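Participant: I'd like to ask some things about the structure below.
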Amino acid sequence: MQAAGSTEPNESSDLPGGFRRPPFGAILAGGASIRFGSPKALARIGGLAIVERVERALREAVDEVVLIANEPTLFVDRGLRCRADIVPGRGALSGIHAALAWAREEGRPGALCIACDMPFIRPALLRAMLTQSGDPDLDAVVPESAGKLGFEPLCAYYSVSAIDALSRMLLSAESRVSALPSHLRTARISIDRVRGIGDPEVIFLNVNTPDDYEQAVKLAAENGQ
């Protein structure tokens, strides 16, 4: 049995593609929280920091949760392994790239990459993405939403096979994470399937501003969360 806190990979005979370990969950916490005015991941909703709420949801879907953060001292009390962006200054795209490079290094097929500011992520949705992620012809599994993009690239599964496309984007002028799925072999979790899990407008709520935070606090109180 692997010792607690060990980073040595476990050998596994039931993972396809020769991978030694299953996907991990990566919380993307590298942003500057400029619109929020303070580290939004640490803002508390229902008695828990948002980053802790994301971590708890991920722990119901994966064997380990890690942090991608450029200011790791903010999260030292979480006790999670943490790395910074490899290619800094390119926003969330850099965070996904760092997570997948780390996953590949550890013999994992990919990572569930979730933004640190999504307090109502549902474990059932995370498990649905993992179930679909086993297709070797896919680079990503992305849920559809009612938002302006119609999908959620910061609540998605990415395979290590996406690293080359990410690297090309990081070297180009294109740094919008919203463009990433169009560069990958991507499957979508339909909006109807998401609605079967919960209200997409709640599940994918991002706390980017003080107004968003007030809305999230109100929702948590109304729903006992």
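Participant: Percentage of Cα-Cα pair distances in segment 20-222 greater than 29 Å, rounded to whole percent?
Facilitator: 15 percent
Participant: Kindly rank 46-58, 208-220, 102-114 from highest to lowest mean number of other beta carbons found within 10 Å of each residue.
Facilitator: Descending mean neighbour count gives 102-114, 46-58, 208-220.
Participant: Quick check: convex hull over the Cα atoms of segment 108-209, volume per residue in Å³, rounded to an integer?
Facilitator: Convex hull of Cα atoms, per residue: 107 Å³.
Participant: Follow-up question, since we're still on this one. Tell me the angle of helix 210-222 to the major Cα principal axis of the chain, expressed in degrees between 0 and 90 and rounded to the nearest ten.
Facilitator: That helix lies at roughly 90 degrees to the long axis.
Participant: Assign unit charges at the C-beta atoms only (+1 for Lys and Arg, -1 for Asp and Glu), then state the dipole size of segment 20-222 relative to its Cα centre in Debye, rounded to the nearest 20.
Facilitator: Roughly 220 debye, rounded to the nearest 20.
Participant: Further question: What is the helix-to-structure angle for 123-132, meaning the angle in degrees between its Cα long axis and the longest Cα principal axis of the chain, kept from 0 to 90 and rounded to the nearest 10?
Facilitator: Approximately 30 degrees, to the nearest ten.
Bear in mind these aren't lab numbers, they're just calculated from the coordinates by the rules spelled out. Just so it is clear, the structure is predicted and the values come from calculations on it, not from any experiment. In this analysis, Cβ positions are derived from the backbone assuming ideal geometry, glycine residues included, and neighbour counts consider all displayed protein chains.
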